[in-house]
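Below: the structure, in structure tokens.
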Amino acid sequence: MRGEKALLFTTLTLAEAREKLRRSMRPWPVEEVGLGDALGRVLAQDLAAKEDVPGFDRSTVDGYAVRAADTFGASEGLPAILRLAGEVCMGSPPEKGLTHGEAWRISTGGMLPEGADAVVMVEYTEELDEETVAIYRPVAPGENVVRRGDDVQAGRVILPAGRRLRPADVGLLATCGWDRVPVFRKPRIGVIGTGDEIVEVGQVPGPGQVRDVNTWSLAAAVTAAGGEPVRYGVVRDRLPEIKEMLARALEECDGVCLAGGSSVGVRDLTLEAIEDLPGTKVLFHGLAVRPGKPTLGAVVNGKPVVGLPGHPVSALVVFHFLFRPLLEPEKENPLPLRARLTRSLSSAPGREDFVPAELGVEEGVTIARPILGKSGLIAWLARAQALIHLPLDAEGAAAGDWVDVFLV
């Protein structure tokens, strides 16, 4: 692969790069977990309802199951008088069906007797004696009733593959009888930093040195996306050391993110280290995006490897839009919010720009205040609540324009 220098800065869009990675990498390993451990996990396959939910027609109120036609015309001055034929016991089917002129006591969630098609709320009734009930308000067919299969129909997909399970999803799985759930095993993602100038967080940097930001922030980003980060620390800008650490990470993990060393030039060691590994296929080197243009993408024996820029803001922005969707497919096409820009921004056609911003509300309108700085300044991104998106064909945006923003 060493001769494929034509890949350098043949830039792709974020969407194109994501698709290349997704098509070239092998799927994450799959495991089955109990329902109690399913929250936050990513489904490995579509899940369908095993049966209708609810499995019977049931009442949504406390009251009396009736035939709606028997209540037509009922009023406080002229109630419908029905024979009280029985009571529905919770958790048991009615002993018999309901016929013309009858009513059955029923509680919320109770199963409707055969022949009943509506329920009158108890507030609009009065038991005149042990065998008679007065109905003071008419009901329409289907009123105060949930029909069999109204919530979920047997055989229909209830949750799609790639969905990260939320509390309501766990409830849906429970009601459909899924006590074991096929999910992707939390992908183990190796995080490697490179650079002679990088020192550990606990050290005091000397002249020309900086603390390790990238491996910690990227490991946190992997965790937030549902993965399991494995930090390998920072290696020096030496090809043998980078190659050795990369090979180790690929042996132990399902994918790797390297921060630093992906720019074009004499110090571009990440590309050389990746190319030297058996089973490597370099997919791209360069994205039509700012910040993050020099990003490198490859697969090594089906495992994704992304070389991220060394600047912390660039690394996190690219991870968010390029690598996170591989861990959490729902994030591939996130829905933006719309906000009004407070100041003009410049851009260049042919690239996507992401600008950190603070959000606020003025006169009932969501506004985005750009936070202007350089991609090496992590405090710049830490202040941000969102990223303003300027699309490929934009030549900037003027103050007062509506723009798309993505929460971070």
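Summary table below
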quantity: Wholly enclosed strands (runs of 3 or more DSSP E) of region 171-278 bearing at least 1 residues buried (at least 17 other Cβ atoms within 10 Å of the Cβ) and more than 27 Å from the chain's Cα centre (by Cα); calculated: 188-194, 228-235
quantity: Index of the failed condition, ASP70 passing every other in (1) more than 27 Å from ASP151 (Cα to Cα); (2) among the acidic types (Asp, Glu); (3) surrounded by fewer than 19 Cβ atoms within 10 Å (Cβ to Cβ); calculated: (3)
quantity: Where a residue in region 328-345 is modelled with pLDDT of 90 or more and its partner, wherever it lies, is open to solvent by 70 Å² or more (accessible area, probe 1.4 Å), with Cβ under 6 Å and at least six apart; calculated: ARG338/TRP402; ARG340/TRP402; THR342/ARG369
quantity: Scan of region 127-146 for residues that are open to solvent by 20 Å² or more (accessible area, probe 1.4 Å) and either within 30 Å of VAL42 (Cβ to Cβ) or in contact with a Pro (Cβ under 8 Å, 6 or more places away or on another chain) (or both), ordered by number; calculated: TYR136, VAL146
quantity: In region 116-134, the residues that are touching an Asp or Glu at 6+ places or on another chain (Cβ under 8 Å) and at pLDDT below 95; calculated: none
quantity: Any chance THR13 is at pLDDT below 95 and open to solvent by less than 40 Å² (accessible area, probe 1.4 Å); calculated: yes
quantity: Conditions (1) over 30 Å from GLY302 (Cα atoms); (2) outside any loop (DSSP other than H, G, I, E, B); number of the one not met by LEU21; calculated: (1)
quantity: Selection from region 35-56 of residues that are within 20 Å of the chain's Cα centre (by Cα) and surrounded by fewer than 19 Cβ atoms within 10 Å (Cβ to Cβ); calculated: LEU35, GLY36, ASP37, LEU39, GLY40, GLN45, ASP46, ALA48
quantity: The lone exception for LYS96 - which of (1) assigned to a loop (DSSP other than H, G, I, E, B); (2) at pLDDT 95 or above it fails; calculated: (2)
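The values are calculated or read from the model by the stated rules, or taken from the named source; none is laboratory data. Given the structure is predicted, the values throughout are model-derived calculations rather than measurements. Heads up, the Cβs are rebuilt from the backbone with ideal geometry, glycines too, and the neighbour counts pull from every protein chain shown. Keep in mind that these areas ignore ligands, DNA and RNA; they rest on the heavy atoms of the full protein, side chains included. Shrake-Rupley method; radii C 1.70, N 1.55, O 1.52, S 1.80 Å.
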